[in-house]
Structure formats: structure tokens, C-alpha cells
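Here the structure comes first, spelled out in C-alpha cells, and everything after it is commentary.
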Amino acid sequence: MKTKTLLRILHTMGYALIRSNKHDIYSNGNVTVILPQHKTIARPMAKQVLKQIAYPENVCEINYKAA
């Protein structure tokens, strides 16, 4: 999954960048998500992040549907 796509999802879910060093740290006040600074994010990590933020929609790039 492209990082831009995942960042767009994070922003629509109300997450904001807290700090950036070797990893980017996003938070919505309750949940904190840590992402590496790569052009693409591996499928397992993208699934983990989407579950962590409780993303309700289907993401066709990784065939993920929240349960």
C-alpha cells in the first residue's frame, strides 16, 4: 500500500502528525499509530494499522475489511 493512501486514511479518521524522526507518529488523542518513513507500506503492517484505527471501509489495495 502506498504511504500517501494510508496517510490520507489517517487524516480522514482524525489523526494528526505528532512527531517525525525515523518513524512518523500519528495520534487522534486516544490511539497512537507509528509508521515507518517508506514509499510503500507492507500489507501486514497496513492491515495492522487499519485494525488499530478501526477503519470501517474496504481497502481494495490490501483486500481488508474490518470485522
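Numbers below:
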read-out: Residue match in segment 2-16 (condition: crowded, with 16+ Cβ neighbours inside 10 Å, at pLDDT 90 or above and small (Gly, Ala, Ser)); value: no
read-out: One residue from 51, 22 being surrounded by fewer than 11 Cβ atoms within 10 Å (Cβ to Cβ) and at negative phi; value: 22
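The values are calculated or read from the model by the stated rules, or taken from the named source; none is laboratory data. Keep in mind that this is a model prediction, so the values were computed, not measured. We place every Cβ from the backbone using ideal geometry, glycine too, and count neighbours over all the protein chains shown.
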